[in-house]
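One structure is given here, and the rest of the page talks about it.
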Amino acid sequence: MKNKLAPFILTIIALVLDQLSKAFIVKNWPLNNTFIADVFKNDFLWIYHVRNPAIAFSLGHNLPDTIKPFLFIILPALVLVFLVIYYFKTDEFTTLQRWALAGILGGGIGNLIDRVFRPEGVVDFISVKLYGLLGMDRWPTFNFADSFVVVCGILLLISIFIASGKTSIKTNIQEKNDKKS
């Protein structure tokens, strides 16, 4: 059980970092106002206070207001609850996968808090220049919760592919050994 609880340190770190940074932005930056960080010359990093009343990349912003609470609050909350239940019921996750899931959980809760307590939308404030990569001048503005979800999600997927690759290698070796016998 101790091995299953330790990764929730990352959940707490993600949640605290996310909520403190959003509170700082809301207090110190007017909405739709940009601060270009002089540290990153060439316009690479902006602190740009915007609100996202939808989900990732503003998906669903045109949906009827009657559907949004279900899709943006209730459904994600149910997914997070399911994730925690499954996390504790299974022993199939590796240590890395447990930490990645804990990071996803922290980021998910961070944005869910905004959706419940900030009716104007989730606070986003990090804008990174892409220099035309992927056909975009700038990546859509995001926050620390988004970063935790994306980075930990990528780590989780990579670890699943690596684990499934090892399993298939072991299976192939076992099959070859069985044929030799």
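Values in this text are rule-based calculations from the coordinates and carry no lab data. Just so we're clear, the structure is a prediction, and the values are computed from it rather than from any experiment. Here Cβ is always computed from backbone atoms with ideal geometry, including for glycine, and neighbour counts include all displayed protein chains.
Ranked by the mean number of other Cβ atoms within 10 Å of their residues, highest first, the peptides 138-144, 3-9, 109-115, 20-26 fall in the order 109-115, 138-144, 20-26, 3-9.
Spin-label model, ARG138/PHE82: points 7 Å from Cα along the beta carbon direction are separated by 3.5 nm.
Counting only alpha carbon atoms, the long axis of helix 75-89 and the longest principal axis of the chain meet at about 30°.
Round to the nearest 10 and give me the degree value, 0 to 90, for the angle of helix 8-28's Cα axis relative to the longest principal axis of the chain. With both axes taken from Cα atoms, the answer is about 10 degrees. What residues from the range 106-144 fall in the zone where the backbone N is under 11 Å from a label point 7 Å along the Cα-to-C-beta line of ASP43? Under cut-off, by backbone N: 129-132, 137-138. Be a star and scan the range 42-71 for residues whose amide nitrogen sits under 15 Å from the point 7 Å along the Cα-to-Cβ vector of TYR131. Taking a point 7 Å out along Cα→Cβ of TYR131, the residues of the range 42-71 whose backbone N falls under 15 Å are 42-45.
By how many degrees, 0 to 90 and rounded to 10, does the Cα axis of helix 144-180 deviate from the longest principal axis of the chain? On a 0 to 90 degree scale, this one is about 10.
Debye-formula intensities of the chain, expressed as log10 I(q)/I(0) at q = 0.09, 0.14 Å⁻¹, are -0.43, -0.87 (one equal scatterer per alpha-carbon, no solvent).
What FRET efficiency comes out for the pair LYS68/MET1, r = Cβ-Cβ distance, R0 = 35 Å, nearest 0.05? Here the calculated transfer efficiency is 0.40. Over the C-alpha trace of the range 89-161, radius of gyration and Dmax come out as 14.9, 45 angstrom.
When the helices of the chain are scored as -39500 (n - 2.57) per DSSP H run of n ≥ 4 and the total is divided over every residue, the value at 222 nm lands at -19000 deg cm²/dmol. Based on Cα atoms of the range 1-88, Rg over Rh with Rh as the Kirkwood radius reads 1.07.
Calculated on C-alpha atoms, the gyration radius of the range 39-143 divided by its Kirkwood radius gives an Rg/Rh of 1.05.
Taking the square roots of 5 times each eigenvalue of the Cα gyration tensor of the range 87-128, largest first, gives ellipsoid semi-axes of 29, 14, 4 Å.
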